Amino acid sequence: MPGYLFHYHKFKEMYETPIVKDQDEIAMKKLKMLIEPFILRRVKKEVLTELPDKTISVLNNEMQEEQLKIYLSYLANAKQEAMQELQQNGVEKSQIKILALLMRLRQICCHPGLFIDNYKGESSKLNQCIEIVKDAVSAGHKILLFSGYTGMFPFIEKALQKEAISYFKLTGQTKVGERIGMVEEFNQNEEIKVFLISLKAGGTGLNLIGADMVIHYDPWWNLSAENQATDRTYRIGQKKNVQVYKLITKNSIEERIYELQQRKAKLIDSMLSTNQTFINKLSKEEIMQLFS
């Protein structure tokens, strides 16, 4: 229906700018009226009424000593590089460079050893994660542990082995036949307590109702990807209440990402009555806010 929502310049002036920048409710209601006839919403709780409760909790951790020094040092350099890049090339041509800078900050929050060779210090998040896993396992829970970084798994595996906690691991390198076997084994074998899963490799297509706890080790840009990952266990056949933990490092890029997720999700939810939200186009102001 060409022209239904006008040309982009007019659409931006009438709706996009007032809604995104000013949270203009009148503009939001007008746009919603225009698009509502074409939106069909199916909410899982309404369709699958037999599902048990799902509780989502955000758990904060704080970087200490060496990890914090590395983060603050890199943040200062990254902020300066990002500003120069944006001034020279603009937002559109700077995305790859900006994402690379942000990725390093995110990796430091997870574990500086992800890109610093021979790093001997600790990771506050890893310590927190293992404590949660230990408590959960002792209480009889089975856990899905997701991360966007497969490089994080060797650190987690080493810690799990030290605590004598049995686990499986699934990444993009895991063969299809092996995946099926591990899924069946995990659901049936009470001795396997933890399933480490790459967010990209295991975000869809797996039925892991043997677990009743989900840990998101690091926040992903795309909130719907996290929700799909959680739904590996929160689906038809699940009889237990599901507890979801999101591990967020305080005073870091992760807090900025989480805040951005919530803001975008709230906006999209109020506009389209859907939980789908993709963080793929940020303004210059939003980008620099991530480096604060």
With label points built 7 Å along Cα→Cβ from the Cα atoms of residue 262 and residue 25, find their separation and express it in nm.
-> 2.0 nm
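Compute the longest continuous run of the chain that contains no exposed GluC sites (Glu not before Pro); treat a site as exposed when its DSSP state is not H, G, I, E or B and it has at most 13 other Cβ atoms within 10 Å.
Result for the longest clean stretch: 192-292.
How much length is gained if the chain between residue 50 and residue 204 is pulled fully straight, taking 0.36 nm per residue apart and subtracting their Cα-Cα distance, in nm to one decimal?
Values: separation 154, 0.36 × 154 = 55.44 nm, distance 2.14 nm.
The span from residue 50 to residue 204 would gain 53.3 nm if fully extended.
Wrap a convex hull around the Cα atoms of the stretch 163-219, take a quarter of its surface area, and give that in square nanometres. All intermediate terms of the calculation are to be shown ahead of the outcome.
Numbers: hull surface 17.4 nm².
Orientation-averaged projected area of the Cα hull: 4.3 nm².
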What does the helix-only formula give at 222 nm for the chain: each DSSP H stretch with n ≥ 4 adding -39500 (n - 2.57), the total divided by the residues, and the result rounded to the nearest 500 deg cm²/dmol?
-> -15500 deg cm²/dmol
Given H placed 1.01 Å from N in the peptide plane, which residues other than close sequence neighbours of residue 244 have an amide H under 5 Å from its amide H?
-> 55, 56, 57, 214
For mean projected area of the Cα convex hull in nm², which listed value, (i) 15.4; (ii) 16.7; (iii) 17.8, comes from the coordinates shown?
-> (iii)
Rank 123, 77, 9 by how far each Cα sits towards the positive end of the charge dipole of the chain (+1 on Lys, Arg Cβ; -1 on Asp, Glu Cβ) and give me just the farthest.
-> 9
Can you give the extra length, in nm with one decimal, that the chain gains between residue 185 and residue 77 once fully stretched, where that is 0.36 nm per residue apart less the Cα-Cα distance?
-> 34.2 nm
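Using the Cα centre as the reference, give the magnitude of the dipole from point charges on the C-beta atoms of the stretch 52-111 (Lys, Arg: +1; Asp, Glu: -1; all else neutral), rounded to the nearest 20 debye.
Details: 7 positive and 7 negative charges, 36 e Å.
With Lys and Arg at +1 and Asp and Glu at -1, about 180 debye.
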To the nearest 0.05, the calculated FRET efficiency linking residue 161 and residue 62 through their beta-carbon distance, R0 being 22 Å, is 0.25
Distance in nm between residue 1 and residue 176 label points, each 7 Å along Cα→Cβ, equals 4.1 nm
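Every read-out reported here was derived from the displayed coordinates using simple, explicitly stated rules and does not represent laboratory data. Just so you know, these numbers come straight off a predicted model, no measurement behind them. Please note: Cβ atoms are built from the backbone with ideal geometry, for glycine as well, and neighbour counts cover all protein chains shown.
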